[in-house]
Structure formats: C-alpha cells, structure tokens
1. Exactly one condition in (1) closer than 26 Å to E42 by Cβ; (2) of a type in the set (S, T, Y); (3) at pLDDT below 90 is not met by Y83; state its number.
2. For residues in segment 60-99 being touching an Asp or Glu at 6+ places or on another chain (Cβ under 8 Å) and touching a residue at least 60 places away in the same chain (Cβ under 8 Å), which is nearest to I140 (Cα to Cα)?
3. I'm trying to understand the selection: among the residues of segment 100-119, which are modelled with pLDDT under 95 and over 16 Å from I158 (Cβ atoms)?
4. Could you tell me which residue of segment 135-153 is surrounded by the most Cβ atoms within 10 Å (Cβ to Cβ), considering only residues that are not in a helix (DSSP H, G or I) and not polar (S, T, N, Q)?
5. Restrict the check to segment 47-58 and report whether at least one residue is among the aromatic types (F, W, Y) and within 18 Å of G125 (Cβ to Cβ).
6. Only residues in segment 131-143 that are closer than 22 Å to I37 by Cα count as the first member; pair them with residues that are assigned to a helix (DSSP H, G or I) and at pLDDT below 80, Cβ under 7 angstrom, at least 6 apart or cross-chain, and list the lot.
Amino acid sequence: MEEIFSRPNFKEKWFPFLKEEETQIFSPRVKAILEKIKNIRELWPGEKIVVVSEFVLFLDIIKEGIERRSKTGPNLRIRLAEYNGTMNLEERSRVQYAFNLPTGGPEVLLLSAGAGGVGLNLARGLHMIIAEPPWTPGKIDQVIERTYRLPQDKQVHIWHMRAHPSEIDQFVLDRQAQKVHFVRQLLFAITGEADTKASDEAVDINEKSLPSHTVYEWAKGRVKM
C-alpha cells in the first residue's frame with residue numbers, strides 16, 4: 001500500500017475521487033458500516049470503535065462518508081483518527097496514545113489490517129468492525145487481539161460485515177475455510193494431534209472474558225441512511 005501512495009501523481013488522482021457525488025461514495029457496504037457505527041454509539045454511548053479494513057483506500061472512503069454524514073446526523077459527529085502503513089512510527093505512536101486515553105481522544109479509529117500487528121495496543125476499543133471478510137484469517141485474529149490487551153477489563157464486541165447475497169464475500173469466506181482446513185490437516189500430519197486452538201469448539205466466545213463475535217448482514221440495496 002505504501003508503494004501505491006508513493007507513485008507519482010497518485011494522491012492527486014485519488015483524493016479528488018473522495019469529493020465525488022453521493023452515489024460514488026456511499027456503496028451498500030459503506031452505508032452498512034456507518035449504520036453500525038451509529039447503532040453502536042446509540043446503544044453503547046462513549047465506547048470507542050475500531051474499523052478495520054485490508055484496504056487503506058476503502059478506509060479513506062469510510063472517512064469521507066462519516067465526515068459527510070456528520071453534517072446531518074448527530075451520532076456520526078465523531079472524532080476520527082487513522083492508523084495505517086502510510087504513517088511514520090511517530091505518527092502511529094501519537095494516534096495509539098490518544099486513542100487509549102481514558103477520556104477524550106479519537107472515538108473511532110480507522111485501522112488498516114496490515115498495520116495492526118504485534119506491539120499495537122488498542123485496549124480502549126470495545127467495538128471492532130471488520131469491514132470485509134479477510135483473505136487471511138490469521139491476520140484478522142491478530143488485529144482482534146490488539147483490543148484484547150491489558151488494561152482491557154471489559155468484553156470486546158467484534159462485528160463482521162457481510163453483504164447478502166455477495167459472490168465476492170462468499171468466495172473469500174470459502175477460501176478462508178480451505179486455508180483453515182489445510183492448516184489443520186498439516187498440523188495433524190506433523191504432530192498427530194488435532195489443532196484444538198483453531199477448533200470452533202475450543203473457545204466459548206460468549207464468555208465474559210473473551211471477545212463476542214457477531215455477523216452483521218445486509219441485503220444489497222436495502223441499507224438506508
């Protein structure tokens with residue numbers, strides 16, 4: 001992604017797109033994500049939200065959508081911050097510190113999955129919205145763990161966004177299942193033991209001490225704002 005942003009004239013060509021008319025910005029997925037943010041802020045006022053995507057450009061579109069809707073919707077008047085690979089270490093450190101302040105600071109963090117690796121602590125985030133099914137399940141698992149860090153003492157809610165029906169989403173989910181199945185077979189062949197850590201029955205995700213996972217589906221063309 002950093003390579004894309006460093007290409008000559010890329011920013012000059014990309015940022016004008018963010019000023020396009022509503023139909024170009026507010027896709028059904030963007031509408032659904034904004035609706036979920038609004039819903040979280042109504043049901044859990046004051047709790048911070050992390051929005052995760054594998055694509056920095058999509059996070060740019062979400063940011064533009066929030067800023068446009070903030071002019072008409074009080075629950076989308078939000079202090080935003082970004083954390084991605086186009087930022088230097090000092091910028092990332094400042095964002096992480098501000099987000100984890102007990103009061104004040106950013107209310108919603110737009111996080112690229114590639115930047116959410118080991119060492120990042122987002123313990124003040126009690127809600128994480130996964131914008132699209134990830135190609136690599138392990139990467140998103142690692143990102144989810146960024147909110148489940150000390151001094152986290154509350155349950156974290158993970159919201160998985162799904163379009164229904166969506167051939168793309170289903171294709172990615174099928175690929176995920178194939179990868180997980182392959183890893184389990186490989187580990188069993190090497191160790192002779194089942195991969196209990198990856199087993200669906202191994203962890204009760206509804207326990208108070210662990211993140212809860214919810215799939216948020218919407219029918220194409222039926223999301224209104």
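The values are calculated or read from the model by the stated rules, or taken from the named source; none is laboratory data. Note that this is a predicted model, so its numbers are computed, not measured. All Cβ positions, glycine included, derive from the backbone under ideal geometry; neighbour counts span all protein chains shown.
1. Failed condition: (3).
2. Selected residue: G85.
3. Result: N100, L101, P102, T103, G104, G105, S112, G114, A115, G117, V118, G119.
4. The initial filter retains those residues of segment 135-153 that are not in a helix (DSSP H, G or I), namely 135-136, 145-153.
After this cut, where a residue has to be not polar (S, T, N, Q) as well, the list is 135, 145-146, 148-151, 153.
On the way: W135: 13, E145: 17, R146: 24, Y148: 18, R149: 15, L150: 7, P151: 9, D153: 7.
Going through the qualifying residues, I end up with R146.
5. At the first step, the residues of segment 47-58 found to be among the aromatic types (F, W, Y) are 55, 58.
Subsequent filtering for residues that are within 18 Å of G125 (Cβ to Cβ) retains none.
There is no residue in segment 47-58 that is among the aromatic types (F, W, Y) and within 18 Å of G125 (Cβ to Cβ).
6. P133/D169; P133/V172; P133/L173; P133/Q176; P134/I140
Here is a yes/no grid of residues against (1) in contact with a helix residue (DSSP H, G or I) (Cβ under 9 Å, 6 or more places away or on another chain); (2) crowded, with 22+ Cβ neighbours inside 10 Å; (3) not polar (S, T, N, Q):
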| site | (1), (2), (3) |
| --- | --- |
| E47 | yes, no, yes |
| R94 | no, no, yes |
| A98 | no, no, yes |
| L109 | yes, yes, yes |
| L120 | yes, no, yes |
| P133 | yes, yes, yes |
